[in-house]
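None of the figures in this text is laboratory data; all of them are computed from the coordinates on show. This structure is a prediction, so every number in the text was calculated from the model and none was measured. No Cβ is skipped: glycine too gets one built from the backbone with ideal geometry, and neighbour counts run over all protein chains shown.
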Amino acid sequence: MQPGSAPKIEFVDEGVRLTGSWTLSCLRKCLPRLRAETTRTSSDTRWDLSRLSALDTYGALLLWRHWGSRFPADIQLPPEYKALFERLEKRPPDKLMRRPRRRFRMGVEDIGLAAMVFVGHVYAAIALLGQLIIETGYILRSPRHIPWREISANLYKAGVRAMPVSALVAFLIGVVLSYLFALQLRRFGAEAFIVDVLGVGIIRELGPVLIAVLVAGRSGSAMTAQLGTMRVTEEIDALATMGVPRHLRLVLPKVVALALAMPLLVTWTSGIAIAGGVLVAHYQLGIDYPFFIANLPRAVPVPNVWIALSKGLVFGMTIALVACHFGLRVKPNTESLSANTTRSVVTAITLVILLDAVFALATRNIGLVGG
Amino acid sequence: MSALIEIRGLGIRFGPRWILRRVDLEVARGELLALVGGSGCGKTTLLRQIVGLLLPTEGGIQLFGEPQHAGDRDTRQDRQRRLGMLFQQGALFSALNVFDNVAFPLRELGFLPEAEIRDLVFTKLAMVEISHDAAWRMPAELSGGMIKRVALARALALDPELLLLDEPTAGLDPDRAGAFVELIRALHSALNLTVVFVTHDLDTLSALASRVAVVAERRILAVGPLDQIVHVQHPFIERFFLSERSLHALRRGKQSD
């Protein structure tokens, strides 16, 4: 089967003679020509295959299809090629080879299925939350089972390791916002109000949401992928076999760690963003650093800080819960792992923004100067 | 006829550690060569080397009489298409169903009409005894034995001359393993294949191999028919083949011939 001679059809006096190697790699170069030449044969043509130097499944298939799935009446076929055609005959009849059509469902059925999936998610999420409350009750009664090591590890991974990237993003956002505000405020001669705009905007709103989106993308996806991989490799089952409660060891530490880390990260991000803003305010508007710092408490009353910190707490727990919820739903294949990781991040970010709207409504009378 | 695979002075190093050194091996057309050895001795590494997944640290491999990595992009691609590999876990694309998995290498060629691809895929599936209604299932819905057979069909999709098998019977029950060995043997004679396979399983070894290469101590200790290998004086070979368990398996293999 050397990659060799080109496949050819030779028309001899009473029929055709095939020569060369009729294999996939050799046929590809002269396929259109051969297809055209085979159409010049008729049903009573004599076929001579004895001079072929090679024939593979594709070569055989090409001839077989041309012959209409049966041997021509007059054929010279060397015995070694017979098996090839016999294998072709073994394939199922045409109508069994058809790809099953996707069933188009009625709209109503679609809505029902989507609703059931949604209810399933809500049910599983409530079950997860309930399980966590039970576990919390358990460790409060027997504190020696508190998974300190896991909590500390998660705190480090999701909190400390997130500090550089969040600092960078926060600083740049602070710089950009301050620059835009400075341009607008200068038109009204209201330069001093940069303190109010930046302070309320960043501390109350932007800081918590910004870091929540970052953490959802960074730590939420990592948590889902970790739990998902552990499902794929049966590690979670191994834990359960050893009598280790998975919610206590895998879910609770993540929720607690993010609940602790997020308020701290909110403080860190808002601080850096304000610092970026102050820097630009100084160079664009000529506002002194001491003036800015002294006026910040006046512009942003203390309740705003409490709102920001509680937002951090709630967002953190939400992200961890969503991540664990989707991580535990992963089925043991790669497709499911990637799909659930995507869903985890999208759901976490959507929920964070929804919750932020709820916060805005609930706290609309708290901590706003001149409101 | 020249050797299909010719390995000369091959050495592979991962970091400071030599996995294989000064390996020489020739595989003739039509052979069924088994690579055996203890766990982690470099059998699979050698196999991956032959497929071209790893670059050798020293020495080289001639495939089909040409240096393995010679030529331009198209030449290398054509050479790669002349061999098929069955991975240990099957390595089916989990996003594609059985049909699309086997059709994948055919579609990659880019000149076959869909009707011919369909006929070829179902011919290959029939060869490995996968029924037509399993063609639309996803890999996650298949049993271990079926995954191996579908993966074999995919490896054979382009009618390769050389077939490489990594642990073809690992993870199959004895019955399925026996059937799989029979299938490979039947395809070997029917398709004029050259087969190189890695195995731990002495049943598979004695039922399938026409020649055996023992890999140990970073080199190939001995090559030859199983009957001769068994009598080579070397502590590793004696431990491997002449233990009670092994003798038992080899006897069974003899009977099945």
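One table, with the values for the structure above:
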{"quantity": "Separation in nanometres of the label points that stand 7 Å from Cα toward Cβ, at A:Trp148 and A:Ala114", "calculated": "5.0 nm"}
{"quantity": "Using a Förster distance of 35 Å, the FRET efficiency for A:Val160-A:Leu296 (Cβ separation, nearest 0.05)", "calculated": "0.85"}
{"quantity": "Chain B, helix-only ellipticity at 222 nm - DSSP H runs n ≥ 4, -39,500 (n - 2.57), divided by all residues, nearest 500", "calculated": "-12000 deg cm²/dmol"}
{"quantity": "Loop-resident sites, region B:89-146, for GluC sites (Glu not before Pro), counting at most 16 other Cβ within 10 Å (DSSP)", "calculated": "B:Glu129"}
{"quantity": "Region A:8-96 - charge dipole about Cα centre, Lys and Arg +1 at Cβ, Asp and Glu -1, debye rounded to 20", "calculated": "440 debye"}
{"quantity": "Other protein chain Cβ atoms within 10 Å, averaged over every residue that makes up A:83-93", "calculated": "4"}
{"quantity": "Loop-located trypsin sites (Lys or Arg not before Pro) in region A:63-127, at most 15 other Cβ atoms within 10 Å (DSSP)", "calculated": "A:Arg70, A:Lys90, A:Arg98, A:Arg101, A:Arg102, A:Arg103, A:Arg105"}
{"quantity": "Shape box of chain B [Cα atoms, principal axes, largest first, Å]", "calculated": "57, 45, 37"}
{"quantity": "Residue order, fewest to most surrounding Cβ atoms within 10 angstrom, among A:Cys324, A:Cys30", "calculated": "A:Cys30, A:Cys324"}
{"quantity": "Kirkwood hydrodynamic radius (C-alpha pairs) into Stokes-Einstein, chain A, 10 °C and 1.306 mPa s, D in µm²/s", "calculated": "59 µm²/s"}
{"quantity": "A:Arg40/A:Glu86 FRET efficiency (R0 25 Å; Cβ-Cβ; nearest 0.05)", "calculated": "0.35"}
{"quantity": "Neighbour cut-off at most 15 other Cβ (10 Å), DSSP loop, trypsin sites (Lys or Arg not before Pro), region B:114-206", "calculated": "B:Arg137"}
{"quantity": "Angle in degrees between helix A:289-299 and the longest Cα principal axis of chain A, rounded to the nearest 10", "calculated": "90 degrees"}
{"quantity": "GNM top mover of A:His145, A:His66, A:His282 - chain A, alpha-carbon springs below 10 Å", "calculated": "A:His66"}
{"quantity": "Straight-distance crosslink candidates among aspartates and glutamates, where the alpha carbon sits under 18 Å from A:Lys8 and sequence neighbours closer than 8 are dropped", "calculated": "A:Glu37, A:Asp48, A:Asp56"}
{"quantity": "Rel. contact order, % - alpha carbon contacts under 8 angstrom, at least six apart, region A:8-96", "calculated": "30 percent"}
{"quantity": "Shape metrics for the protein assembly as shown, restricted to C-alpha atoms - Rg then Dmax, Å", "calculated": "34.1, 107"}
{"quantity": "Whole-percent pair-distance distribution, where bins are 5 Å wide, for the alpha carbons of region B:1-98", "calculated": "3, 11, 20, 23, 20, 14, 7, 3, 0"}
{"quantity": "Efficiency of FRET from Cβ geometry, B:Phe104 and B:Arg8, R₀ 41 Å, rounded to 0.05", "calculated": "0.75"}
{"quantity": "Sorted peptide list for A:45-54, B:210-219, criterion being average Cβ within 10 angstrom, highest first", "calculated": "B:210-219, A:45-54"}
{"quantity": "222 nm mean residue ellipticity, helices alone, for chain A (DSSP H n ≥ 4; -39,500 (n - 2.57); rounded to 500)", "calculated": "-21000 deg cm²/dmol"}
{"quantity": "Farthest toward positive dipole pole in chain B [+1 Lys/Arg, -1 Asp/Glu at C-beta], among B:Asn101, B:Thr44, B:Leu33", "calculated": "B:Thr44"}
{"quantity": "Degrees between helix A:302-328 axis and first principal axis of chain A (Cα, 0 to 90, nearest 10)", "calculated": "20 degrees"}
{"quantity": "Proximal lysines relative to A:Lys311, as straight alpha-carbon distance under 20 Å, when same-chain residues fewer than 8 apart are discounted", "calculated": "A:Lys254"}
{"quantity": "Spatially proximal lysines relative to B:Lys43 (Cα-Cα < 20 Å; intrachain offsets below 8 disregarded)", "calculated": "B:Lys148"}
{"quantity": "Distance from region A:118-179 to region B:183-257 (C-alpha centre basis), Å", "calculated": "55 Å"}
{"quantity": "Rounded tilt (10° steps) of A:163-188 against the dominant C-alpha axis of chain A", "calculated": "60 degrees"}
{"quantity": "Normalised contact order of chain A, rounded percent, pairs of Cα under 8 Å and 6 or more residues apart", "calculated": "17 percent"}
{"quantity": "Added length on full extension, which subtracts the Cα-Cα distance from 0.36 nm per residue, A:Thr334 to A:Arg99", "calculated": "82.2 nm"}
{"quantity": "Charge-dipole axis of chain A as Lys and Arg at +1 and Asp and Glu at -1 on Cβ define it, positive-most pick from A:Met97, A:Thr45, A:Leu31", "calculated": "A:Thr45"}
